[in-house]
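Report on the structure given below.
The values are calculated or read from the model by the stated rules, or taken from the named source; none is laboratory data. The structure displayed is predicted, hence computed values, not measured ones. FYI the Cβ positions are ideal-geometry reconstructions off the backbone, even for glycines, and counts take in every protein chain you see. These accessible areas exclude ligands, DNA and RNA; they are computed on the full protein's heavy atoms, side chains included. Shrake-Rupley method; radii C 1.70, N 1.55, O 1.52, S 1.80 Å.
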Amino acid sequence: MTTQVFHNGHILTERGFETGVCVVVEDGHIVAVLHGPPPAIGEHIDLQGGSLVPGFIDMQVNGGGGVLFNNETTTEALATIARGHRKYGTTGMLPTLISDDIDVMRRAIDATHDAIAQGVPGILGIHLEGPYLAAARKGTHNASKFRVPDADDIALATALDNGVTVITLAPECVPTHSVTAMVERGAIVCAGHTAADYAQTRAGLEAGITGFTHLFNAMTPLQGREPGVVGAALDDASSWVGVIVDGVHVHPASLRVAIAAKPRGKVVLVTDAMPMVGSDDSSFDLYGETITAVDGVVRNAAGSLAGSALDMASAVRNSVHLLGLPLDEACRMAAQYPAEFLGLGHRLGRIATGYRADFVVLDANLHVRHSWIGGTE
């Protein structure tokens, strides 16, 4: 049995940040959170005054480490993407496939299955962002890939049997019975890249949609006489919303309004990250087009936003500095709340007894110093 004792830091427990607390880990899981001096057992890990927080969970990762998932649908590619994000505190992720053909989807799902079966650190499942989207709000997606899912599509999209599946779709483009069928087969369904009105979005929520992909982006806005998708998302108390806090995708004031409107725990940080995270390469190819990051902003040749170069540690820092959130709440938005949305809140996202020892140590400037997945650095 391997025992580790994490001590001498500011530790984010169920009560908030605490000092004079230590965390005891055995074989990769937390067995005790103790007040007072650390017990004289196992390996002592001195946090040197850093902040120990739960490992970040990112449910929208298109790429990293120089790899785009659409272009390399292999287990090795997933390991590279996960390593690219690990240095920024992401200890759990959903590799995200942008709208593509059926054979690419099948390879991506198979690769994700194999990665989880092989224990590739950090891979929790898959996010299929499309291809059941609206051409009017396609963003950087290729509308020629879009289609209405039939029974075979639904079976394929929900085929992953050893991890979480999130499916982003446009509720006005997918029959409500198909949304319900996806949910009944275990998928978590989000609205995104959608031109739906409020009524259509409400119908999707009633059919089983529980989340909204990158709120405010690629969806109908909130207006006085037509609340749109944004209005439906903010009005619905039970659903979650993902937000990209990079100061580019959404104005900080809009994000503050969303956080104020939603019940606590329903706003989740995501990156929508592209391959440049964890890589020195500032460009990549998508659908045969070169996508480039300039000054940290990722755009296609037409100048439209095409994902981001954001990492989760930066999203946490931005939530503190741009949105004025306390650090503990920003960390919950990066760990606890996404775990709960994904149905993993019973074992990930908290520093509490019984949880997996997925940790991040932040320095005084909120940069990642170390990370652990299941107690392994």
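Is one or more of the residues making up the stretch 122-133 open to solvent by 10 Å² or more (accessible area, probe 1.4 Å) and among the hydroxyl-bearing types (Ser, Thr, Tyr)?
no
Has the stretch 94-107 got any residue that is assigned to a loop (DSSP other than H, G, I, E, B), at pLDDT 95 or above, of a type outside the set (A, V, I, L, M) and within 28 Å of Val361 (Cα to Cα)?
Within the stretch 94-107 (the criterion being assigned to a loop (DSSP other than H, G, I, E, B), at pLDDT 95 or above, of a type outside the set (A, V, I, L, M) and within 28 Å of Val361 (Cα to Cα)), the answer is no, since none of the residues qualifies.
Would you check if there is a residue in the stretch 224-245 being open to solvent by 10 Å² or more (accessible area, probe 1.4 Å), within 17 Å of the chain's Cα centre (by Cα) and hydroxyl-bearing (Ser, Thr, Tyr)?
Scanning the stretch 224-245, I find no residue that is open to solvent by 10 Å² or more (accessible area, probe 1.4 Å), within 17 Å of the chain's Cα centre (by Cα) and hydroxyl-bearing (Ser, Thr, Tyr), so the answer is no.
Could you say which residue among Thr158, Thr176, Thr168, Thr140 is in contact (Cβ under 8 Å) with a residue 60 or more places away in the chain and polar (S, T, N, Q)?
When all the criteria are applied, what remains is Thr140.
When residues of the stretch 12-41 are filtered for being more than 18 Å from Ile373 (Cβ to Cβ) and either out of contact with any helix residue (DSSP H, G or I) (no Cβ under 8 Å at 6 or more places or on another chain) or assigned to a loop (DSSP other than H, G, I, E, B) (or both), how many remain?
Adding up the residues that qualify gives 18.
Of all the residues that make up the stretch 74-96, how many are open to solvent by 10 Å² or more (accessible area, probe 1.4 Å) and more than 17 Å from Gly119 (Cα to Cα)?
2
With (1) touching a residue at least 40 places away in the same chain (Cβ under 8 Å); (2) touching a strand residue (DSSP E or B) at 6+ places or on another chain (Cβ under 8 Å); (3) within 30 Å of Leu344 (Cα to Cα) as the list, and Ala108 as the residue in question, which single condition is left unmet?
(1)
The conditions are (1) farther than 18 Å from Asp328 by Cα; (2) under 26 Å from the mean Cα position of the chain (by Cα); (3) not hydrophobic (A, V, I, L, M, F, W, C), and Pro39 fails exactly one of them. Which is it?
(2) is the only condition that Pro39 fails.
Enumerate the pairs (first residue in the stretch 52-67 and farther than 12 Å from Asp311 by Cβ; second residue anywhere and among the hydroxyl-bearing types (Ser, Thr, Tyr) and open to solvent by 10 Å² or more (accessible area, probe 1.4 Å)) with beta-carbon separation below 6 Å, excluding pairs fewer than 6 apart on the same chain, so at least 6 apart or on different chains.
Matching pairs, first to second residue: Gly66/Ser279; Val67/Thr80.
If the requirement is being at pLDDT 95 or above, over 21 Å from Asn142 (Cβ atoms) and assigned to a strand (DSSP E or B), which of these qualifies: Asp58, Asp114?
Asp58
For the stretch 12-31, name all the residues that are touching a strand residue (DSSP E or B) at 6+ places or on another chain (Cβ under 7 Å), touching a residue at least 40 places away in the same chain (Cβ under 8 Å) and open to solvent by 20 Å² or more (accessible area, probe 1.4 Å).
Of everything in the stretch 12-31, those that are touching a strand residue (DSSP E or B) at 6+ places or on another chain (Cβ under 7 Å), touching a residue at least 40 places away in the same chain (Cβ under 8 Å) and open to solvent by 20 Å² or more (accessible area, probe 1.4 Å) turn out to be Phe17, His29, Val31.
Determine which single condition Asn162 fails, assuming it passes every other condition in (1) within 26 Å of Val230 (Cα to Cα); (2) not in a helix (DSSP H, G or I).
(1)
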